[in-house]
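First the structure, in the form of structure tokens, and then the observations on it.
The values are calculated or read from the model by the stated rules, or taken from the named source; none is laboratory data. None of these values were measured; they are calculated from a predicted model. Because the Cβ atoms are built from the backbone with ideal geometry, glycine has one as well, and the counts that use them run over all protein chains shown. Remember, those area values only see protein heavy atoms, side chains included, never the ligands or the DNA or RNA. Shrake-Rupley method; radii C 1.70, N 1.55, O 1.52, S 1.80 Å.
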Amino acid sequence: MEKFYITTPIYYPSDNLHIGHTYTTVAADTIARYKRMRGYDVMFLTGTDEHGQKIQRKAEEAGVSPKAYVDKIVDGVKSLWQLMHISNDRFIRTTDAQHVAAVQKIFKKLYEKGDIYKDEYEGLYCTPCESFWTEHQLVDGKCPDCGRPVEKTKEESYFFRLSKYQDRLIDLIENTDFLEPASRRNEMLNNFLRPGLADLCVSRTSFSWGIPVDFDEGHVVYVWLDALSNYISALGAFSDDESDFQKYWPADLHLMAKEIVRFHTLIWPAILMALDLPLPKKVLGHGWMLLEGGKISKSKGNVVDPVILAGKYGVDALRYYALREMPYGADSEFSNEALISRINADLANDLGNLVSRTAAMLEKYFGGTVPSARESGEFDDALIACAAQVAARTEAQLEAYNLSAALTEIWTLVGRTNKYIDETMPWALAKDETKKARLGAVLYNLAESVRVIATLISPFMPETADKIFAQLGMTVRNWADAAKWNVLPEGFTMTKGDVLFPRIDMEKELADLAAISEKKAAKKAVKSTATEQKAEIGIEDFAKCDLVVAHVLEAETIQGSDKLLKLTVDAGDGTRTVVSGIRAAYSAEEMVGKKVVLLKNLRPAKLRGIMSEGMLLCAAHDGKLSLVTIEGDLPAGSEVR
Ligand code: MSP
């Protein structure tokens, strides 16, 4: 049996994972499932990258040991993958004893071979990216990858002779299809390889949370050497039992997003070359899922929390959305609107209706069982040809790892099949006793098309495919059958199932999501003021607050929020809008005419889609609110000191 070894990056358990990480893992899962359906002996690996300065600092901040810190997050990662129906065969943690031992052996072997040597490192380090940079690589003095400040580091270190492999790496990237998409090749060649590779610092002494270099106390292995080795240590390389390593290595596909392509196409192959091991067959760097134009980060809140999204819309809907929206090699923008539109249009309307209509008509006209007397007719050939073509094209796109294009293909068949219903008009055939055999053929063809679609979507949406197969009474799911017709046996029965994808009320849903974000933001704000209260400030700090008297001119409630009022206030220099959370204590009518205290220079923020410019001062006790108001008739804009 031919093998197929596929990996995701091992994720940093510094925070819970978001929809971006979920995309990569779901994409890898889809490819793994497809290959299994095609009869490959698949090894699908994912895991967590647990060492390094960033994690050590996070744990310190949380006041726990690094291991205790990561253990908790790793549990969350594992249950996220379970929730998302990820079919990984293995889960590696870089804190696993087998991995630690393998990395130590790799380090020693490279040292003994002379590919690792000791020297002094002086340079710049970006802790969030765990990357070294030279002065001229910085952009505006900051890390070129993430834009955050770098730290000057000077320490005795071990170095890997990366420069020695430069020519072989240029050849690998320039002359083979090792790195896909091809557009990423130039970036590696022009930005890194052609300017010349420097040797790579591969040990650190300034922190301890890492794999110790076992022959030199005080040194821990640089996280990227540690992390990249997971792809072979997970198979037992450098352990007593290397049988899986022999069987599955080299990897057929390392999947990741573009920002870590350089580690996988420069450092990783060079390490393997130094170890005299075969190179992975392909590195695929997909684009980023963006939120409001920027790379998603956990700090952007729960709109990108896959647990919340899957809970709300279903696992398969989320899988479908992520896979469909990410074009091959390019970025995609995440939005709740797009997610809900995809669910309503592609899933509820196109696919869901097709399946439910087919089952409902079969039951209504034939009690669920297709009759053996069937008469073919107009439109059949077009449908059957479309199915065969879509099966072939979907397979070709999957072979090219272009998942979004594969789904687009499948949906042309969904659309074509819905059109077939309109063309053949089964309800009209049903009215005519003499057309029973024709009706039988139409419904058989519909069921066949549904079967083909279910087969093709299996790797993408396994749960939905299961449900459809159950309705068709089928247990065997064979990829090759997608290209065939007349697979459903004589006298098969299709049963009605639950609604596959309920329609979502877009407006209500968006309001709900905004309310959740608002609650979280409010909680955070309360937390941060509570901690700040304790710190002493100077008069110069207080002077930063531009507090003024404001006159409330208008007030109105905000639909969907029982806490907020939208106020128009005169702040002395014109009117402005302030969204204030005082509705529990004041009605809109009561607010008009009040002279209040406004923090004018608070950074504007959008609340419920309304830009709020400033904040009213309020006293609070036991959940009760009381506005700070001004006596007498001071004009709007008067300074409050
Ligand atoms: N630990 C390293 C990888 C070591 S692999 C030997 C790391 N971890 S990470 O937690 O930062 O994960 C990065 C990966 O997560 C990306 O390469 C990508 O696969 C996935 N993604 C994280 N955010 C993403 C988006 N916004 N969009 C798409 N993929 C995203 O780097």
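General observations
- Of the numbered criteria (1) of a type in the set (S, T, N, Q); (2) surrounded by fewer than 18 Cβ atoms within 10 Å (Cβ to Cβ); (3) within 20 Å of VAL223 (Cα to Cα), the one GLN137 fails is (3).
- Taking segment 496-537 as the range and being outside any helix (DSSP H, G or I), farther than 29 Å from ALA636 by Cβ and modelled with pLDDT under 75 as the test, the residues that pass are GLN533, LYS534, ALA535, GLU536.
- Selection over segment 281-305 of residues that are buried (at least 18 other Cβ atoms within 10 Å of the Cβ) and either near the ligand (Cβ under 10 Å from one of its atoms) or at pLDDT 95 or above (or both) gives a count of 10.
- Against the criterion of being within 12 Å of the ligand (Cβ to nearest atom), open to solvent by less than 20 Å² (accessible area, probe 1.4 Å) and under 29 Å from the mean Cα position of the chain (by Cα), TYR231 qualifies.
- Leading residue by the ranking (farthest from ILE10 (Cα to Cα)) among those in segment 65-91 that are in a helix (DSSP H, G or I) and among the aromatic types (Phe, Trp, Tyr): TYR69
A quick yes/no check of all residues on (1) on the phi < 0 side of the Ramachandran plot; (2) modelled with pLDDT under 95; (3) among the basic types (Lys, Arg):
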| residue | (1), (2), (3) |
| --- | --- |
| ARG319 | yes, no, yes |
| SER341 | yes, no, no |
| ALA345 | yes, no, no |
| LEU351 | yes, no, no |
| SER372 | yes, yes, no |
| LEU383 | yes, no, no |
| CYS386 | yes, no, no |
| GLN389 | yes, no, no |
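- Any hit, segment 383-390, residues being within 25 Å of the chain's Cα centre (by Cα), of a type in the set (Val, Ile, Thr), open to solvent by less than 40 Å² (accessible area, probe 1.4 Å) and closer than 26 Å to GLU325 by Cβ: no
- Segment 1-14 - residue that is more than 7 Å from the ligand (Cβ to nearest atom) and farther than 13 Å from LEU80 by Cα and, of those, most open to solvent (accessible area, probe 1.4 Å): MET1
Here is a yes/no grid of residues against (1) part of a strand (DSSP E or B); (2) open to solvent by 40 Å² or more (accessible area, probe 1.4 Å); (3) polar (S, T, N, Q); (4) at pLDDT 90 or above:
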position	(1), (2), (3), (4)
SER561	no, no, yes, no
VAL569	yes, no, no, yes
GLY572	no, yes, no, yes
GLU590	no, yes, no, yes
GLY593	no, yes, no, yes
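- From the list GLU333, GLU325, the one residue that fits, being under 29 Å from ILE421 (Cβ atoms) and among the charged types (D, E, K, R), is GLU325.
- Residues of segment 434-477 classified as at pLDDT 95 or above, open to solvent by 50 Å² or more (accessible area, probe 1.4 Å) and either among the acidic types (Asp, Glu) or on the phi > 0 side of the Ramachandran plot (or both), total: 2
- When residues of segment 15-50 are limited to those that are part of a loop (DSSP other than H, G, I, E, B) and surrounded by fewer than 23 Cβ atoms within 10 Å (Cβ to Cβ), the one nearest to the ligand (Cβ to nearest atom): ASP15
- Residues (surrounded by 15 or more Cβ atoms within 10 Å (Cβ to Cβ) and part of a loop (DSSP other than H, G, I, E, B)) located in segment 595-633: LYS600, ARG608, GLU613, GLY614, ILE630
- Within the set LEU189, LEU200, LEU169, the sole residue that is touching a strand residue (DSSP E or B) at 6+ places or on another chain (Cβ under 9 Å) and closer than 26 Å to HIS286 by Cα turns out to be LEU200.
- Residue check for ALA251: of a type in the set (A, V, I, L, M), in a loop (DSSP other than H, G, I, E, B) and within 15 Å of the ligand (Cβ to nearest atom): yes
- Of note, ILE10 does not satisfy the criterion of being assigned to a helix (DSSP H, G or I) and either under 27 Å from GLY311 (Cα atoms) or not polar (S, T, N, Q) (or both).
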